[in-house]
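Report on the structure given below.
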Ligand SMILES: NC(=O)c1ccc[n+]([C@@H]2O[C@H](COP(=O)([O-])OP(=O)(O)OC[C@H]3O[C@@H](n4cnc5c(N)ncnc54)[C@H](OP(=O)(O)O)[C@@H]3O)[C@@H](O)[C@H]2O)c1
């Protein structure tokens, strides 16, 4: 049995789908099981579990061959560090209590660093906490998700603008599709490594200007790329609805990215191939249908 958290989200759903496609038994975890009914229809078990509930998670993971966990960012939490610390303590405790032999954790490039990376520092602490259990741990460390383009769809569609919170829109970065990350998670669960490892998952290398061109083509209108250099980040993030402490954490993340701190430094690299254009077409199609 493989236990998958976050199955109503992007990476978790891709991982659960890949496991089911491989014929593996799957138990998905959801805070609201009603939102996971589709998984039941596809043959998975569904357990109602909040990742902050150590006992519920331990009960769901007991006897399983592998467990997938993530640290969902909740930028509305009044104290981001306290939220992450509570979740980390519960998840690591549940791994201990359940004695599940293998854990795959959705981490991030930059999670080897203890600080200076905004919300990614919490993933460093989660990796460390899991590493202190008896489980073999696979830390899956993707770079930027291609799906972050969804954050700018409205402004692109409405105002013809593609905002980039960086000094330049012409710096190439790997951007990975979440379904490719989910596939890496599923492969790791099905074939656990002998010892713990960190796996960087990198997608095609693109600039934000190139993504803007792809998005403009999908929307049928050219987009103006507007770079917002660092002094403008707090205002731009506040305008996007973030409270000041969350905006500060994200600004630290963007600064770390500009300084190259999120580069791959794990034990090995997996190169994922889904092109950005495919992800953009899917996102544009999905929102057009709404
Ligand atoms: N964005 C990037 O470029 C990037 C890059 C590298 C790594 N990451 C990592 O990827 C993570 C997000 O992964 P994703 O995009 O697959 O997530 P997502 O689509 O935002 O989905 C989050 C999932 O977590 C579940 N969840 C939230 N809070 C929970 C809780 N307290 N207990 C149990 N389940 C909970 C949600 O379920 P319900 O709400 O249905 O309960 C949902 O299934 C980030 O947190 C970050 O760590 C992101």
- Item | residue 12 vs. criteria within 9 Å of the ligand (Cβ to nearest atom), under 29 Å from residue 114 (Cα atoms) and in a helix (DSSP H, G or I) | yes
- In the stretch 98-109, what residues are assigned to a loop (DSSP other than H, G, I, E, B), more than 11 Å from the ligand (Cβ to nearest atom) and buried (at least 24 other Cβ atoms within 10 Å of the Cβ)? 100
- Query: Does at least one position in the stretch 144-152 carry a residue that is closer than 16 Å to residue 253 by Cα and surrounded by fewer than 17 Cβ atoms within 10 Å (Cβ to Cβ)?
  - Reply: yes
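Search the stretch 17-33 for residues being near the ligand (Cβ under 10 Å from one of its atoms) and not in a loop (DSSP other than H, G, I, E, B), and hand back the single one that is farthest from residue 71 (Cα to Cα). Show your work before the answer.
Restricting attention to the stretch 17-33, the residues satisfying the condition of being near the ligand (Cβ under 10 Å from one of its atoms) are 28-33.
Restricting the remaining residues to those that are not in a loop (DSSP other than H, G, I, E, B) gives 28-30, 33.
Details: 28: 16, 29: 14, 30: 14, 33: 19 Å.
Filtering the stretch 17-33 for residues that are near the ligand (Cβ under 10 Å from one of its atoms) and not in a loop (DSSP other than H, G, I, E, B), the one farthest from residue 71 (Cα to Cα) comes out as 33.
Considering only residues that are surrounded by 16 or more Cβ atoms within 10 Å (Cβ to Cβ) and under 26 Å from residue 260 (Cβ atoms), which ones fall in the stretch 114-129?
Within the stretch 114-129, 117, 118, 119, 120, 121, 122, 123, 124, 125, 126, 127 meet the criteria.
Please go through the stretch 39-55 and give me each residue that is assigned to a loop (DSSP other than H, G, I, E, B), under 23 Å from the mean Cα position of the chain (by Cα) and either within 13 Å of the ligand (Cβ to nearest atom) or free of Cβ contacts under 8 Å to residues at least 24 places away in the same chain (or both), ordered by number.
49, 50, 51, 52, 53
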- Could you identify the single residue in 77, 36, 82, 92 that is within 14 Å of the ligand (Cβ to nearest atom) and surrounded by 17 or more Cβ atoms within 10 Å (Cβ to Cβ)? 36
- Task: Out of the residues in the stretch 110-131 that are near the ligand (Cβ under 9 Å from one of its atoms) and in a loop (DSSP other than H, G, I, E, B), state the one that is farthest from residue 81 (Cα to Cα).
- Result: 110
- Query: List the pairs whose first member sits in the stretch 101-117 and is without any contact (Cβ under 8 Å) to a residue 24 or more places away in the chain, whose second member is within 16 Å of the ligand (Cβ to nearest atom), and whose Cβ atoms are under 6 Å apart, counting only residues at least 6 apart or on separate chains?
  - Reply: 114/124; 115/121
- Task: Pick out the one residue from 58, 64 that is under 21 Å from residue 131 (Cβ atoms), assigned to a loop (DSSP other than H, G, I, E, B) and more than 10 Å from the ligand (Cβ to nearest atom).
- Result: 64
- For the stretch 279-290, how many residues meet the condition of being surrounded by fewer than 19 Cβ atoms within 10 Å (Cβ to Cβ) and either assigned to a helix (DSSP H, G or I) or at pLDDT 90 or above (or both)? 8
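Okay, residues lined up against (1) surrounded by fewer than 19 Cβ atoms within 10 Å (Cβ to Cβ); (2) closer than 22 Å to residue 162 by Cα; (3) touching a helix residue (DSSP H, G or I) at 6+ places or on another chain (Cβ under 9 Å); (4) at pLDDT 95 or above:
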position: 214; (1), (2), (3), (4): no, yes, yes, yes
position: 242; (1), (2), (3), (4): yes, yes, yes, no
position: 258; (1), (2), (3), (4): yes, yes, yes, no
position: 277; (1), (2), (3), (4): yes, yes, yes, yes
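The values are calculated or read from the model by the stated rules, or taken from the named source; none is laboratory data. Keep in mind the model is a prediction, meaning the values are calculated, not measured. Quick reminder, even Gly has a Cβ in these numbers, built from the backbone with ideal geometry, and neighbours come from all protein chains shown.
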